[in-house]
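Below you'll find the structure, written out as C-alpha cells, and then a few comments.
The values are calculated or read from the model by the stated rules, or taken from the named source; none is laboratory data. All values derive from a computational prediction rather than experimental measurement. Cβ sites come from the backbone with ideal geometry, for glycine too, and all protein chains shown count toward neighbours.
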Amino acid sequence: MWTGLARRRAQRCSGIIMRKRVLRSGVALGAGTLLASCRHAGVLDPQGPVSAAERLILLNATGIMLVVVLPVIVLTIGFAWWYRASNKAAAYRPDWSYSGQIELVVWSIPALVVILLAGVGWTSSHELDPARKLKADSAPIRIEVVSLDWKWLFIYPDEHIAAVNQLYIPVGSPIEFMLTSGSVMNAFFVPQLGSQIYTMPGMTTRLNLMADHTGDFPGFSSQFSGSGFSDMHFLVHAVSPSEFKLWLTQAQSGEPKLDEKSYGKLMQAADNAPLQTYGSVDPKLFEYIVQSTAQPLAAPHGEN
C-alpha cells in the first residue's frame, strides 16, 4: 500500500513539474514572439508622417469596432452563464419573439459604427492620397522606380545617377516617386514609411513619402511576380542631408553608365541581384522603359 501511495505521489509531482516546464516554455515563446514583433514592427513602427497617419487610422478603426466586439463577447458569456441549466431563476419564455427597444439597440449601434468607419475612411483616403504632395521646409527629391525580374531600379533624374536594390533618401525631405514596371505588375511597399502602390508596365503611378528619422527601413514587393519574388527586396537608407550629399558625390564618381544597352542587360531575370550604382543615366531612360512596355491598343473587330 505504501509503495502504491509513493508511486502516485511521484506521478503527481512529475506531472506538476512537467506542467511548470510547459508553462515556462510557453512564456519564453510568447516573450520571444513579442520581442521579434517589436524589432520588426513594420506598419506599427512608423518612421514618417504617412505611416504615422496610417497607424492612427488602424488604431481608430480597431477602437471603433471594439465598441461592438467587446460588449458582444461580454454579453455572450453573461447569457451563457445566466441561462445555464442549473440557474432556476432564469425565466424561460418560449412564446417571446419581438422587442422594439432591443431591435433599436441591435441595429443602431452597428449603423453608427459603419458611419464612423465610413467617415474615417473617406477623410483619410483624401488626406493620404499617394499622389498628394507632402509639405516640408526642404525641397522634394524626385526618384523614378522600375520593378524588374527580380530587382528594383531607382533612378535619380535630377542627380543623373541610379542604384539597384538600395535607396538613399535624406531625412525631412519629401520624396516624389514615379513608378513603373519593366516586366510584370509588382507592388512597391516600405511598411515603416507607408502606402503600398502598384507598378505596372506601360503605366506610371505616383507616390509621396518622407522619413522623419534616420535608419535602414526594409522594402519589398508585396505582389507575387515569379520564382524570384521572395528575393525582391531592398533597403531604404534614411540619412542626414549631409550624408545624402556625400553619397551622391560618391555615386556620381562611379564609372558604369545606365543607358538602353546596359538596361537591356540589367532587365534580364536574375535572383539575388547584387547592389549596384550607376554614375550616369540616360535622361530619357525612364520614358523609354514606359513606352517600350506599353501594349498597343487592338483595333476593333472588323477594322483593318
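Given the structure, is S195 in contact with a Leu (Cβ under 8 Å, 6 or more places away or on another chain), more than 24 Å from G254 (Cβ to Cβ) and in the same structural domain as G254 (by TED's automatic domain parsing)? Yes; evaluated as a whole, the condition is true for this residue. Return yes when G228 is surrounded by fewer than 19 Cβ atoms within 10 Å (Cβ to Cβ), in contact (Cβ under 8 Å) with a residue 60 or more places away in the chain and either closer than 21 Å to E287 by Cα or of a type outside the set (A, V, I, L, M, F, W, C) (or both) and no when it is not. Yes; evaluated as a whole, the condition is true for this residue. Just one residue in the set L148, L179, L167, L207 is in contact (Cβ under 8 Å) with a residue 12 or more places away in the chain, buried (at least 20 other Cβ atoms within 10 Å of the Cβ), over 19 Å from V290 (Cα atoms) and hydrophobic (A, V, I, L, M, F, W, C); that residue is L167.
Taken over the stretch 229-259, the criterion of being assigned to a helix (DSSP H, G or I) and modelled with pLDDT of 90 or more is satisfied by P241, S242, E243, F244, K245, L246, W247, L248, T249, Q250, A251, Q252. Given the conditions (1) at pLDDT 85 or above; (2) not in a helix (DSSP H, G or I), report the number of the one that R93 does not fulfil. Only one criterion is unmet by R93, namely (1).
Taking the criterion of being within 19 Å of D158 (Cα to Cα) and surrounded by fewer than 16 Cβ atoms within 10 Å (Cβ to Cβ), the residues of the stretch 260-297 that qualify are E260, P283, K284, E287, Y288. The set of residues in the stretch 130-163 that are of a type in the set (A, V, I, L, M, F, W, C) and touching a Lys or Arg at 6+ places or on another chain (Cβ under 6 Å) contains only A131.
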